Amino acid sequence: MSKKRIVICDDHEIIREAVTNRLNNIKDIEVVGEAGNGAALLSVVKELKPDLVMVDLEMPEQNGLEAIRNLHGETPGLPVIVLSAHGEPDIVELALNTGAKGFLVKSVTADEMGKAVKTVLGGKTYLGVGVEAGRGATDEMSRLAKLTPREREILGLLAKGMRARGIADELNVQPATVYTHVRNTVQKLGVDTRTQAVTLALRYSFLETDKTVS
């Protein structure tokens, strides 16, 4: 019987190493590749063609949710397990709605990690200890999904500490245009300030705040 091939995606090398060591000690499972961020994950998956991917949510360049969306766009049916530092119901629900088939917190034991992998490879969903599934998508998630690409881009630049005039220069638009987008974003998210809008977006790993602006 051939071993099931797994790719791990996490921006912390020590986490990738720990997960690799745990999984490689499980019969019929082998870690065949790693990626340090969501942007690099797709090419690794295309090259290695794994049976399952384990991915963190909070990563630079491309967060885990976007990585899951891109994976399912290119490799439909590839099972994904989220391995996150946070297991709150709303985050879990968002990950499952995005396409994840399993959710584990990073404090998971080796035995449970193995059980999760085998369960998901068997076609079922697995939620680890300390993880609670939410009861339907929250209003906050729905509001975030309504943002346009430009509104999201500007929100990401605000999260990096840029001011409206700096964003206008960066995007080669008028400051009034940026203010309009910010006002629309605040209204769509149902918050009172741009700071609250950024906080809400970061809570759901909705922004690529570490991506280099070009």
Any helices (runs of 4 or more DSSP H) falling wholly within the stretch 138-177 and containing at least 1 residues that are crowded, with 16+ Cβ neighbours inside 10 Å, among the aliphatic types (A, V, I, L, M) and touching a residue at least 60 places away in the same chain (Cβ under 8 Å): 139-145
Residue under evaluation Leu48, criteria (1) among the hydrophobic types (A, V, I, L, M, F, W, C); (2) within 22 Å of Ser107 (Cα to Cα); (3) touching a residue at least 40 places away in the same chain (Cβ under 8 Å), criterion not met: (2)
Boolean, Leu23 is touching a strand residue (DSSP E or B) at 6+ places or on another chain (Cβ under 9 Å) and farther than 27 Å from Leu202 by Cα: yes
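Yes/no matrix, rows are residues, columns are (1) among the β-branched types (Val, Ile, Thr); (2) assigned by TED's automatic domain parsing to the domain that holds Asn25; (3) closer than 14 Å to Leu52 by Cα; (4) touching a residue at least 24 places away in the same chain (Cβ under 8 Å):
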site: Glu66; (1), (2), (3), (4): no, yes, no, yes
site: Leu71; (1), (2), (3), (4): no, yes, yes, yes
site: Leu78; (1), (2), (3), (4): no, yes, yes, yes
site: Leu83; (1), (2), (3), (4): no, yes, yes, yes
site: Pro89; (1), (2), (3), (4): no, yes, no, yes
site: Ala95; (1), (2), (3), (4): no, yes, no, yes
site: Gly99; (1), (2), (3), (4): no, yes, yes, yes
site: Val108; (1), (2), (3), (4): yes, yes, no, yes
Enumeration of residues in the stretch 76-95 that are modelled with pLDDT under 90 and either of a type in the set (Ser, Thr, Tyr) or within 24 Å of Glu140 (Cα to Cα) (or both): Ser84, Ala85, His86, Gly87, Glu88, Pro89, Asp90, Ile91, Val92, Glu93, Leu94, Ala95
Residues of the stretch 99-120 classified as among the basic types (Lys, Arg) and crowded, with 19+ Cβ neighbours inside 10 Å, total: 1
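The values are calculated or read from the model by the stated rules, or taken from the named source; none is laboratory data. Keep in mind it's a predicted model, so treat the numbers as computed, not measured. Note that each Cβ is placed from the backbone with ideal geometry, even for glycine, and that neighbours are counted across all protein chains shown.
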